[in-house]
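The values are calculated or read from the model by the stated rules, or taken from the named source; none is laboratory data. Bear in mind the structure is a predicted one, so any value in this text is a computation, not a measurement. In this analysis, Cβ positions are derived from the backbone assuming ideal geometry, glycine residues included, and neighbour counts consider all displayed protein chains.
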Amino acid sequence: MGFDSLRLRFGVMILCLAVHIYLTLRVALSRFDWPDLPGNYATHAAVMATFTFLHAWRYLGGSIAARFFATALIVSWLFEQVGVATGAVYGPYHYTASLGPKLGHVPLAIPIAWSMMLYVCWSVTQLLVPASCERPALGAAVTAIIGALIVTGWDAAIDPYFSVVGPELRWIWHGGGDYFGVPFANFRGWFATGVTAFVLFALVTRGARFRDERATLAPAIIFALFALATICTTEPLPLRITALCSMGLVAVLCFARLLVPERQAS
């Protein structure tokens, strides 16, 4: 029974990854005629959250996976709820009806998307923070800071498209901002959300890491595909340079690290 359950989880994980690869390539190579798939932004977020949870379950264990995603969902919803209600976290904004049902002021799709992004960024951070960093407090702090910077850079590459210039706005900034219509306070809020989630995750899991660096390959592919789609399609054009610097560079560093594994201490 356990073997069948393991195979089922692995099969669903591979299916979700295949759907993500297809949807991302469809966006990146939109000049070609790709068959459409049912669903929307919320559906894609749910597919990717399913993949990341099953990936965490496979490589970290069910208990750690549950703690990671519970932490990510709760922290991101709380920050977003306070942010929408007060404007104090990310700047004044509200979500449109395009993202579906809400819990409080926040569409359910948003903490789901946050959990996926946080897990992918935490995973690729494992490639950039040496496992030889033995002091737990230092390792957790470095991981939290680098992971938060990566997830903030991800948002810097996509936020104006989804909130200002895209064909269907997901959220709207009240009064705009100096960064392509987005307030700089937004990125302070993203960094704070990321740091808080990663620090709490380190506390509730006692600094869990992947035992095998090869476990980071799938999250690195996901991150690289998001980077590719953003670099190829986002608007306005200068945002593609932002995406190249904030996401493309991280993706290159991750794959370089995978190709040249860290030497194990003898």
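Quick notes on this one:
- Residue in the range 207-215 that is part of a loop (DSSP other than H, G, I, E, B), touching a Gly at 6+ places or on another chain (Cβ under 7 Å) and under 22 Å from residue 146 (Cβ atoms) present: yes
- In the range 132-169, residue nearest to the chain's Cα centre (by Cα) [restricted to those that are among the charged types (D, E, K, R) and surrounded by 20 or more Cβ atoms within 10 Å (Cβ to Cβ)]: 155
- Count of the range 54-68 residues, restricted to those that are under 11 Å from residue 218 (Cβ atoms) and surrounded by fewer than 17 Cβ atoms within 10 Å (Cβ to Cβ), is 1.
- Only residues that are outside any strand (DSSP E or B) and touching a residue at least 12 places away in the same chain (Cβ under 8 Å) were counted across the range 90-104, and they come to 8.
- Condition check for residue 236: without any contact (Cβ under 8 Å) to a residue 12 or more places away in the chain, surrounded by fewer than 19 Cβ atoms within 10 Å (Cβ to Cβ), of a type outside the set (D, E, K, R) and assigned to a loop (DSSP other than H, G, I, E, B): no
- Subset tally (residues that are at pLDDT 95 or above and not aliphatic (A, V, I, L, M)) for the range 126-154: 4
- Note on the range 81-131: residues that are more than 24 Å from residue 166 (Cα to Cα), of a type in the set (Gly, Ala, Ser) and crowded, with 17+ Cβ neighbours inside 10 Å amount to 1.
- Per the listing 161, 95, 119, the residue uniquely aromatic (Phe, Trp, Tyr), over 19 Å from residue 59 (Cβ atoms) and modelled with pLDDT of 95 or more is 95.
- Which numbered condition residue 191 fails, given (1) within 22 Å of residue 105 (Cα to Cα); (2) outside any helix (DSSP H, G or I): (2)
- Residue in the range 49-61 that is within 20 Å of residue 140 (Cα to Cα) and free of Cβ contacts under 8 Å to residues at least 24 places away in the same chain present: yes
- Taken together, the residues in the range 62-79 that are without any contact (Cβ under 8 Å) to a residue 60 or more places away in the chain and of a type outside the set (Phe, Trp, Tyr) amount to 8.
- In the set 231, 172, 222, only one residue is under 27 Å from residue 78 (Cβ atoms), surrounded by 14 or more Cβ atoms within 10 Å (Cβ to Cβ) and more than 16 Å from the chain's Cα centre (by Cα); that residue is 172.
- Near pairs, Cβ below 9 angstrom, 6+ apart or cross-chain, from the range 137-164 (in contact (Cβ under 8 Å) with a residue 40 or more places away in the chain) to any residue that is of a type in the set (D, E, K, R): 139/209; 143/209; 152/188; 157/240; 160/235; 161/235; 163/170
- Residue in the range 66-81 that is closer than 25 Å to residue 177 by Cβ and in a loop (DSSP other than H, G, I, E, B) present: no
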